[in-house]
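Below is one structure, written out as structure tokens; comments come after it.
Read the figures in this text as sums done on the coordinates, not as results from a lab. Keep in mind the model is a prediction, meaning the values are calculated, not measured. A quick note on method: Cβ atoms are made from the backbone with ideal geometry, for glycine too, and the neighbour counts reach across all protein chains shown.
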Amino acid sequence: MGFLNSINTMLIDKLGPFGPLMIVGMLGLLMIGLTLPTLLKKTSDPLDKLRDVQKAADLAQSKTAKLRDAQGHDKLEKYSNFLEPQDEVEYSAIKLKLLQAGYKSRNAVRMYHFSQFALGVGLLIVGVGYAILKSSTGQPSTQATILSILIPGVVGYMLPKYWVTRRQGARQEEIVNGFPDSLDMMLVCVEAGQSLDQSIIRVSRELRSGFPALADEYEMVSYEMKAGKDKSSVLRDMSERCGVADVASFVTVLIQSQQFGTSIAEALRVYASEMRDKRVMRAEEKANTLPTKMTLATMMLTVPPLLIILIGPSVYGIAVMLGGGGAPGLK
């Protein structure tokens, strides 16, 4: 700390009261200027020409791909090397997390990292402005100045991650709450004579008002099945998008029932009964943990008033008695 204070004093003597802020700002701009050209520089790959030719051929053959390319042009695409992870494992993990949070667009990963970069830099600039304002009204220490600049930038960078994690948890909780009811409705549809595909479509319509996230998943399953995709792959993709253990077990049950040729209605009946029992057990678990959570509040809000009511009169009487007994001695 003595070394930092000596540097701070030297900068203030040579450059004035804004000397430390000027040095910090110049270093930040220098680091950004050295880093951005390297990150934004796109190295040419010989295989890119072959990919472009193949992509052009696919677009020429597919009218749908032409319309999609004409309507949706992403302005951040040229910064994809900077905004998207180059590691395939990291990219897949972030994409899966965004899917489980409900962000299903093609450029979701790019927008996620852009929001982190934009909020981080924006709040960093706000922190610099606050530090300049604070230094003009007083003489803050170097440590306080650096913290007032860095903390807003770190908060802005971590804010999108916190938001996506909250959205992911809320969506998974909604799927867990609505999954037993969806199994009951699916069982009714199957026993009424409908196929599994038709029952999934009907369940997605009925669940739209109460559980939209689960309804979206069932609707996507129905669309993929209509497109001709393999049923096992469709169900596994649904399990990955949901990220819920109950849905993963349900998918395993359906795949095994399809492979072994057993009755889907019987499998749905058994699994729906287990899901209902599991929901009751979760409710009982929350009810059993309630007294433990209320213990601290009960002690803080009940015990002090009770002690005042029980011991207060005795303490007051003792205080009066000691005050009356000590008065003659003072006289």
Problem set entry | Sorted peptide list for 161-168, 133-140, criterion being average Cβ within 10 angstrom, highest first | 161-168, 133-140
Exercise. By how many nm would the segment from E191 to Q258 lengthen if fully extended, with 0.36 nm per residue of separation less the alpha-carbon distance?
Worked result: 22.5 nm
Problem set entry | S209-M158 pseudo-label distance in nm [points 7 Å out on the Cα-to-Cβ vector] | 4.2 nm
For this session: With a cut-off of at most 15 other beta carbons within 10 Å, and DSSP calling the residue loop, which trypsin sites (Lys or Arg not before Pro) in region 84-121 qualify? Please list them.
Result: K104, R106
Problem set entry | Two-site FRET efficiency, S249 against A227, from Cβ-Cβ distance with R₀ of 25 Å, rounded to 0.05 | 0.45
Problem set entry | Two-site FRET efficiency, I7 against F117, from Cβ-Cβ distance with R₀ of 35 Å, rounded to 0.05 | 0.70
Exercise. With +1 on each Lys and Arg Cβ and -1 on each Asp and Glu Cβ, how big is the dipole of region 208-331 about its Cα centre, in debye rounded to the nearest 20?
Worked result: 480 debye
Exercise. With a ≥ b ≥ c the root eigenvalues of the C-alpha gyration tensor of region 240-280, is it rounded (a/c under 1.5), prolate (a/b larger than b/c) or oblate?
Worked result: oblate
Seminar exercise, completed: If R0 = 25 Å, then Q139 and I32, at their Cβ-Cβ distance, give a FRET efficiency to the nearest 0.05 of 0.35
For this session: Provide the per-residue ³J(HN,Hα) series for region 257-263, in order, calculated from phi with Karplus coefficients 6.51, -1.76, 1.60 and θ = phi - 60°, each as a whole number of Hz, with x at glycine and proline positions.
Result: 5, 6, 5, 8, x, 7, 6
For this session: Treat each spin label as a single point 7 Å out from the Cα along the C-beta direction, and report the E285 to A170 distance in nm.
Result: 2.3 nm
